[in-house]
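The values are calculated or read from the model by the stated rules, or taken from the named source; none is laboratory data. Computed from a prediction, not measured in an experiment: that's the story for all the values here. Cβ placement follows ideal geometry from the backbone for every residue including glycine, while neighbour counts extend to all protein chains displayed.
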Amino acid sequence: MEKDLTRGSITKNIAAFSVPVFLTLLFQSLFSTVDSMMTGNLLNAEALGSVASCGSITFAFTYIANGYAVGYKTVTGQLYGAKKLKEVRESVNTSLCSMIAISLLITLLGTVFTVPMLKALGTVEAFLSNAILYLRLYFLGISAIIIRSGVNNLYYALGETKLPMYFQAAQLGLHIGLDYVLLKFTGLGVVGLALAGIISRTVTLIPLTVILLRRMRTFPKAKKFFCPEIFKKITAQAIPACIANSINSLGSLLVTRLINSFGDYAITANNIVSNINNMVYLFTNSVASAAGSFAAQNFGAHSLHRIRKCALICFAINATYGIAMIVLFQFLGGEIAGLFMGGDTDPTLYENVLTYSTQYLNIVSCFYIVYGSGHVINEMLRSVGKIKITVIAMVLMMSSRLLISYGLAYFIGDSAIPWGIAACWIATYGYTVTYFFIGRWVPHNKGVRRRRKA
């Protein structure tokens, strides 16, 4: 059921919204975590390294496409907050058409350029053949990933979070079963891993999308299934987000090349740490998603004071969580990283991966509070239409990360990677948080500034 976030307690709204989103993100993250753990334990560390070699590429394509999801959520959320229900239905229909077109384009580009991309990243020769096979299959099923992200964001724009959570849980359960059967009993290797993902995503996406379309029938009838005017609004929000995501993706690819230069232990360790960090980010990302949807609806309703209060509440939540994570990883970082490798892994590789993973977590965990608070502000700025600011922030993020990572690599070796992440968080979020609190995002309209809504 849709939820109006322009009324009622801000804290209760954030809590009620973010808990299902947290669980949805948890199930999404467990999807890749289960892949990594089953690959490392049911296959071997080499297979895990092959899949890890594809990580930055799959991330780049989905992250670029997900820039449009920002447009879907922002435009639909603002229309819903303004109670323009006919336009909401048009926005949902138009968004779905856009998702399908983008996913088909990315499928084509990804499958054609699989080998050149892997070679350009300097993929280790021992990983290359499996990486090519896995990545091509991944792109054949990428439509389900892109459309799922867009559909979830449409639900979030309407204040609905429970239904995406239920279907994400079903997808995870189906995926775990398929992973186990295909990896343990069929001998398909990384092919089985890719097929498990394609099947589980597609089977659960179809009914989730059908339910959304049926709910739209309760809204006033739209004049067009595809509305060019709304598509222009979505694109106006999405293109800067895509540019920002492209910059981030390019930076990630360049960092991946640096990681590959350190050898197989760094590649495998980076995959493990990425999975662990993704688990940590679940809570902060769910709070940020709630804050973004809250900001979009309240911006549409001109309740700007509620947006500011929401930011402060989210800051307090993230500070508490960040401190808990610092304590956890300072004492148990190595033990958690060790869960991702089986006993048959080469002893030398195992030791090197474990040492680097522990060091990485000890450094990055100290800056989780910065990430959480800044991510909330970025989502809110996107949702009130200040996408260009987030593009500037992304340029700042990637440039600072690359400068620190490559600049320090000569002096401190692989430790430069986590320190690069810390530096880019400080630079980027210092800028966006300052921008938000000096009020530059507020419309230059006194009536809009002063309006208050309970």
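Scan the range 100-114 and tell me whether some residue there is in a helix (DSSP H, G or I) and touching a residue at least 60 places away in the same chain (Cβ under 8 Å).
no
Can you name the residue in the range 295-335 that is touching a Leu at 6+ places or on another chain (Cβ under 9 Å), crowded, with 19+ Cβ neighbours inside 10 Å and of a type in the set (S, T, N, Q) and is also nearest to residue 437 (Cα to Cα) among such residues?
If we take residues in the range 295-335 being touching a Leu at 6+ places or on another chain (Cβ under 9 Å), crowded, with 19+ Cβ neighbours inside 10 Å and of a type in the set (S, T, N, Q), then 298 is nearest to residue 437 (Cα to Cα).
Okay, residues lined up against (1) among the aliphatic types (A, V, I, L, M); (2) assigned to a helix (DSSP H, G or I); (3) in contact (Cβ under 8 Å) with a residue 40 or more places away in the chain:
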| residue | (1), (2), (3) |
| --- | --- |
| 138 | no, yes, yes |
| 144 | yes, yes, yes |
| 166 | no, yes, no |
| 172 | yes, yes, yes |
| 175 | no, yes, yes |
| 183 | yes, yes, yes |
| 191 | yes, yes, yes |
| 205 | yes, yes, yes |
| 208 | yes, yes, yes |
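Would you tally the residues in the range 168-192 being over 15 Å from residue 30 (Cβ atoms) and of a type outside the set (S, T, N, Q)?
11
Filter the range 128-184 for residues that are of a type in the set (Phe, Trp, Tyr) and modelled with pLDDT of 90 or more and give the result.
Scanning the range 128-184 gives 155, 166, 167.
Of all residues in the range 416-454 being small (Gly, Ala, Ser) and modelled with pLDDT of 85 or more, which is farthest from residue 359 (Cα to Cα)?
Applying the filter and picking the extreme gives 430.
Can you tell me which condition residue 281 does not meet? The list is (1) more than 21 Å from residue 406 (Cα to Cα); (2) surrounded by 21 or more Cβ atoms within 10 Å (Cβ to Cβ), and all the others hold.
(2)
Kindly establish whether residue 290 is closer than 22 Å to residue 162 by Cβ and crowded, with 22+ Cβ neighbours inside 10 Å.
Considered against the rule, which asks whether it is closer than 22 Å to residue 162 by Cβ and crowded, with 22+ Cβ neighbours inside 10 Å, residue 290 comes out as yes.
How about the range 250-287: which of its residues are among the hydroxyl-bearing types (Ser, Thr, Tyr) and not in a helix (DSSP H, G or I)?
Matches in the range 250-287: none.
Among the residues of the range 339-392, how many are at pLDDT 85 or above, within 30 Å of residue 81 (Cα to Cα) and among the small types (Gly, Ala, Ser)?
3
Just to be sure, is residue 245 part of a helix (DSSP H, G or I) and at pLDDT below 80?
Judged against the criteria, residue 245 is a match.
In the list 88, 75, 34, 19, which residue meets the criterion of being in contact with a helix residue (DSSP H, G or I) (Cβ under 8 Å, 6 or more places away or on another chain), modelled with pLDDT of 85 or more, part of a helix (DSSP H, G or I) and surrounded by fewer than 22 Cβ atoms within 10 Å (Cβ to Cβ)?
19
Out of (1) over 21 Å from residue 386 (Cβ atoms); (2) in contact with a helix residue (DSSP H, G or I) (Cβ under 7 Å, 6 or more places away or on another chain); (3) modelled with pLDDT of 75 or more, the odd one out for residue 59 is which?
Here residue 59 meets the rest and fails (3).
Would you be able to tell me the number of residues in the range 214-232 that are in a loop (DSSP other than H, G, I, E, B) and among the basic types (Lys, Arg)?
So the answer is 4.
Please go through the range 220-256 and give me each residue that is surrounded by 15 or more Cβ atoms within 10 Å (Cβ to Cβ) and in contact with an Asp or Glu (Cβ under 9 Å, 6 or more places away or on another chain), ordered by number.
If the condition is that a residue be surrounded by 15 or more Cβ atoms within 10 Å (Cβ to Cβ) and in contact with an Asp or Glu (Cβ under 9 Å, 6 or more places away or on another chain), then 222, 227, 230 are the ones that fit.
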